[in-house]
Amino acid sequence: MVEANLSAKTSAKTDDLSPTRDSDHPRDSLVAQFGADRPLKLDAGIALSPFQIAYKTYGQLNATKSNAVLVCHALTGDQHVASVHPVTKKNGWWETLIGSGRPIDTERYFVICANVVGGCMGSSGPSSTNTQTGKPWGLEFPVITIRDMVRAQAMLLDHLGIDQLFAVVGGSMGGMQVLEWAASYPQRVFSVLPIACSTRHSAQNIAFHEVGRQAVMADPEWRGGRYLIEGANPRRGLAVARMGAHITYLSDAALHRKFGRKFQDRTNPTFSFDADFEVESYLRHQGSSFVERFDANSYLYLTRAMDYFDIAADHDDVLANAFKNSPVRFCVISFTSDWLFPTADSRAIVHALNAAGARVSFAEIKTDKGHDAFLLDEPELFAIVRGFLDAAAKAHGLTNGAGH
Amino acid sequence: MSNAARGHGNTRVDHLVVAGMVTPGAKVLDVGSGDGELLRILAETRNVDGRGIEISREGVNECVAKGLAVIQGDADTDLADYPDDAFDYVILSQTLQATWQPRHVMEHMLRIAPRAIVSFPNFGHWKIRLKLLFGGRMPQTDNLPGTWYDTPNIHFCTVKDFRELCDVVGAEMEKAVALKGSGKPLRIAAPWWFWNLFGEQAVFLLKRRS
């Protein structure tokens with residue numbers, strides 16, 4: 001193990017940076033600090049230390065600490081899962097699923113959601129301040145993996161004194177973390193819900209990510225990753241990356257239903273490269289609003305973490321070995337129109353779990369909303385999550401209203 | 001799995017017969033779970049660790065929402081994923097006639113578990129024989145209401161046929177029950193030809209021949 005900090009240069013002034021940046025001092029969040037005695041051992045062979053995890057909790061942990069549910073966020077999500085986001089002022093990204101009386105009922109469960117390591121909402125990442133230099137890490141931040149994110153979450157649980165989670169839930173990159181939890185810590189999770197995800201990132205998805213990263217890095221404002229130090233911001237590049245990625249989260253049918261070939265604020269084409277079409281205007285908005293809340297380097301790191309994800313590779317290329325005799329209860333969910341993580345990916349998980357003798361439920365939900373369906377109002381998703389968790393709670397000895 | 005299996009409406013007496021053949025606390029795979037009713041009965045009355053495969057998305061989602069460990073899958077193709085002796089029983093309730101390769105399915109069942117329970121509609125029942133003999137058309141009954149061109153049931157067999165298949169796949173019959181149209185068991189010990197004529201449905205408990 002090499003201390004990541006050793007590679008950093010000697011301290012420098014931080015005057016040019018706001019001392020209250022969300023990446024170091026997240027608003028409306030709890031922060032767990034891990035000092036030199038508790039380094040995060042990364043897959044890259046580096047020990048990250050010190051580091052911090054920003055997180056939110058909802059509901060009450062019961063006396064036996066048996067009702068904790070960890071929610072893992074997706075690529076551009078964060079810990080603000082069920083409450084108003086401090087930057088965008090929008091509702092929590094999974095408020096349809098999590099809250100009082102919702103399928104993940106905060107009257108019953110103690111919900112924890114942490115910003116992933118490498119993120120930009122308060123957990124250590126490339127935009128955090130490197131304590132050795134006093135400057136943002138930038139590209140000197142070590143490359144992290146999904147397993148590193150999960151290791152950090154396990155350390156957060158130790159910090160909270162929780163031995164076993166009742167459930168781990170997440171979609172997309174969050175689903176990857178869920179699967180990694182089941183593979184790495186089968187004794188620490190009772191049930192898991194990996195949604196719209198895969199045990200390995202496909203070549204097509206790596207390709208999409210590479211286009212996004214190249215867009216960021218092609219922006220001169222990226223400054224070789226040193227934009228925070230040099231007072232720049234690669235807005236254009238990150239916005240283009242987001243626009244491209246956003247298309248992959250939808251579907252042909254959803255885009256057609258929403259926009260068709262409709263013009264934006266005009267009846268005829270302008271014969272120019274203005275945003276004539278509604279869909280263009282929509283994508284431009286998605287790109288420009290994204291850069292207000294997300295760090296470009298974090299985008300590079302997190303997409304890379306997803307690219308490297310391949311559970312089977314860590315288990316002699318046999319996926320079933322990752323879950324051999326797993327005591328964990330699985331509920332795998334996919335969506336018919338998701339072409340980023342198609343149902344075939346979920347089916348591969350289910351086949352491996354069957355071969356491993358694990359207890360698995362698997363449902364495919366019919367929708368034309370694409371990959372993003374997991375974040376949207378899908379009553380069938382809610383019914384399945386609620387039913388699965390109710391049965392698991394019964395098996396786990398959690399009674400109704402076990403919040404106290 | 002088959003619509004015929006779920007089309008009765010009233011309580012499935014054959015489910016109770018099937019449940020009665022399962023040792024309490026056993027690990028069971030139900031192939032063709034439908035709406036999950038049999039798995040629910042098995043969990044409630046026999047305390048089994050139950051899993052299921054169901055082909056229809058609606059059926060699966062209903063089962064999962066009920067908290068049952070059911071996956072979307074096809075008996076013809078997906079049984080191959082399960083390791084040998086993964087379960088104590090594999091149940092095929094009113095589904096055999098809807099599979100493409102009944103023999104293949106039966107062989108996998110007896111590989112996955114030492115015991116299999118199979119229930120199916122008996123095409124040798126006298127009413128069906130009469131319908132075919134005098135009507136000259138593919139029979140439709142209360143239990144098998146579909147027309148020949150609009151039914152998931154593609155491999156009908158009689159009790160006699162099924163016994164032959166058991167021989168072919170190396171299955172030993174431990175128990176057999178013939179059911180009347182009402183679903184109640186025929187309460188008499190009768191020779192096979194009698195059951196083949198008067199049983200509307202049959203339930204077999206099979207054991208892998210060692």
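State the extension gain, in nm to one decimal, for the chain segment bounded by B:Ser182 and B:Leu165, taking 0.36 nm per residue of separation less the distance between their alpha-carbons. Mind dumping the intermediate values first?
Values: separation 17, 0.36 × 17 = 6.12 nm, distance 2.63 nm.
Gain on extension, B:Ser182 to B:Leu165, equals 3.5 nm.
Given the Cα atoms of the range A:207-311, and with Rh set as the inverse mean 1/r over their pairs in the Kirkwood sense, what is Rg to Rh to two decimals? Provide the component values of the computation, followed by the final result.
Numbers: Rg = 15.8 Å, Rh = 15.1 Å.
My calculation puts Rg/Rh at 1.04.
Using a Cα-Cα cut-off of under 29 Å, which lysines could be cross-linked to A:Lys369, ignoring same-chain neighbours fewer than 8 residues away?
A:Lys56, A:Lys89, A:Lys90, A:Lys258, A:Lys262, B:Lys66
Answer with one residue from B:Trp148, B:Gln97, B:Pro114: the one whose Cα lies farthest towards the positive end of the charge dipole of the range B:1-158, charges on Cβ with Lys, Arg +1 and Asp, Glu -1.
Of the candidates, B:Trp148 comes out farthest on the positive side.
Could you give the Stokes-Einstein D for the range A:307-373 in µm² per second, using the C-alpha Kirkwood radius, 25 °C, 0.890 mPa s?
On the way: Rh = 12.7 Å.
Reported coefficient: 194 µm²/s.
Within 10 Å of each residue's Cβ, count the other Cβ atoms and sort A:Leu61, A:Leu319 from fewest upward.
A:Leu61, A:Leu319
Please report B:Thr141, B:Thr158, B:Thr147 as a ranked list, fewest other C-beta atoms within 10 angstrom at the top and most at the bottom. Walk me through the numbers on the way to the answer.
Details: B:Thr141 15, B:Thr158 21, B:Thr147 9.
Ascending number of Cβ neighbours within 10 Å: B:Thr147, B:Thr141, B:Thr158.
Can you quote the Å³ per residue value for the convex hull of the Cα atoms in the range A:167-211, rounded to an integer? Intermediate results must be reported in sequence, preceding the final value.
Working: hull volume 2.7 nm³, N = 45.
Enclosed volume per residue, from the Cα hull, is 59 Å³.
How well do other chains shield peptide A:388-395, expressed as the mean number of their Cβ atoms within 10 Å of each residue Cβ? The partial results should precede the final answer.
Numbers: counts 6, 1, 3, 7, 1, 1, 1, 1.
Average neighbour count from other chains, rounded to a whole number: 3.
Take A:His159 and B:Trp100, extend 7 Å from each Cα along the Cα→Cβ direction, and tell me the distance between the two endpoints in nm.
5.3 nm
Which log10 I(q)/I(0) values, to two decimals, does the range B:76-159 give at q = 0.22, 0.25 Å⁻¹ under the Debye formula with one point per Cα?
One equal scatterer on each Cα of the range B:76-159 leads to -1.01, -1.19.
Tell me, what is the percent relative contact order of the range A:308-404, built from C-alpha pairs under 8 Å that lie six or more residues apart? Walk me through the numbers on the way to the answer.
Values: 112 pairs, mean separation 25.3, N = 97.
It comes to 26 percent, rounded to a whole number.
In nm, to one decimal, how far is the modelled label at A:Thr336 from the one at A:Ala232, with both set 7 Å along Cα→Cβ?
For A:Thr336 paired with A:Ala232, the spin-label model returns 4.8 nm.
How big is the antiparallel share of DSSP beta bridges in chain A, given as a percent to the nearest 5?
So the antiparallel bridges amount to about 35 percent of the total.
Could the peptides B:175-186, A:266-277, A:177-188, A:388-399 be put in order, highest first, of the mean number of other beta-carbon atoms found within 10 Å of their residues?
On the way: B:175-186: 16.6, A:266-277: 10.8, A:177-188: 22.6, A:388-399: 18.1.
Result, highest mean first: A:177-188, A:388-399, B:175-186, A:266-277.
I'd like the distance separating the alpha-carbon centroids of the range A:135-190 and the range B:60-83, in whole Å.
29 Å
Per-residue counts of other Cβ atoms within 10 Å, averaged by peptide: what ranking do you get for A:112-122, A:226-236, highest first?
A:112-122, A:226-236
Between the range B:101-123 and the range A:267-287, how many Å separate their Cα centres?
59 Å
Charges at C-beta only: +1 for Lys and Arg, -1 for Asp and Glu. How large is the resulting dipole of the range B:97-210 about its Cα centre, in Debye rounded to 20? Numbers along the way, then the final one.
Numbers: 16 positive and 9 negative charges, 55 e Å.
Here the size comes out at about 260 debye.
Using the per-residue mean of other Cβ atoms lying within 10 Å as a proxy for protection, in what order, highest first, do the peptides B:81-92, A:291-302, A:251-262 fall?
Working: B:81-92: 20.8, A:291-302: 22.8, A:251-262: 14.0.
By packing density, highest mean first, the sequence is A:291-302, B:81-92, A:251-262.
Just the projected area, averaged over all directions, of the convex hull on the alpha carbon atoms of the range B:3-208: how many nm²?
Value for the range B:3-208: 10.8 nm².
Got a sec? Charge dipole of chain A, +1 on Cβ for Lys and Arg, -1 for Asp and Glu; which of A:Val150, A:His371, A:Thr303 is way out at the positive end?
After comparing all options, I get A:Val150.
Among bridges DSSP assigns within chain B, what percent are antiparallel (round to 5)? Let's see the in-between values first.
On the way: 17 of 36 bridges.
In chain B, DSSP labels about 45 percent of beta bridges as antiparallel.
To check my understanding: the extent here is largest minus smallest coordinate of the Cα atoms along each principal axis. What are those three numbers for the protein assembly as shown, in Å, largest first?
Dimensions of the protein assembly as shown along the principal axes of its Cα atoms: 96, 65, 43 Å.
Averaged across A:363-371, how many Cβ atoms of other chains sit within 10 Å of each residue's Cβ atom?
Values: counts 10, 5, 2, 3, 0, 0, 0, 0, 0.
So the per-residue partner count for this stretch is 2.
Suppose every Lys and Arg Cβ carries +1 and every Asp and Glu Cβ carries -1, with no other charges. What dipole size does the range B:3-208 come out with about its Cα centre, to the nearest 20 debye? Walk me through the numbers on the way to the answer.
Numbers: 23 positive and 25 negative charges, 175 e Å.
With only Lys, Arg, Asp and Glu charged at Cβ, the dipole is about 840 debye.
When a footprinting reagent is the concern and you count Cβ atoms within 10 Å, what order do A:Thr367, A:Thr303 take, fewest first?
On the way: A:Thr367 20, A:Thr303 23.
Ordered by Cβ neighbours within 10 Å, fewest first: A:Thr367, A:Thr303.
Using a 10 Å cut-off around each Cβ of peptide A:355-362, what is the average number of partner chain Cβ atoms that fall inside?
Details: counts 5, 2, 7, 2, 5, 4, 14, 8.
Across A:355-362, the average partner-chain Cβ count within 10 Å equals 6.
Which lysines have a Cα less than 22 Å from the Cα of B:Lys160, not counting those fewer than 8 places away in the same chain?
Correct list for B:Lys160: B:Lys127, B:Lys131, B:Lys175, B:Lys180, B:Lys184, B:Lys207.
Given only helices, namely DSSP H runs of n ≥ 4 each adding -39500 (n - 2.57), what is the per-residue ellipticity at 222 nm of chain B, to the nearest 500 deg cm²/dmol?
Values: 9 runs with 69 residues, N = 210.
Only helices count here, giving -8500 deg cm²/dmol.
All of the numbers you see were taken from the coordinates with simple rules; none came from a lab. Because the structure is a prediction, the values reported are computed rather than measured. Every residue, glycine as well, gets a Cβ built from its backbone with ideal geometry; the counts of neighbours run over all protein chains shown.
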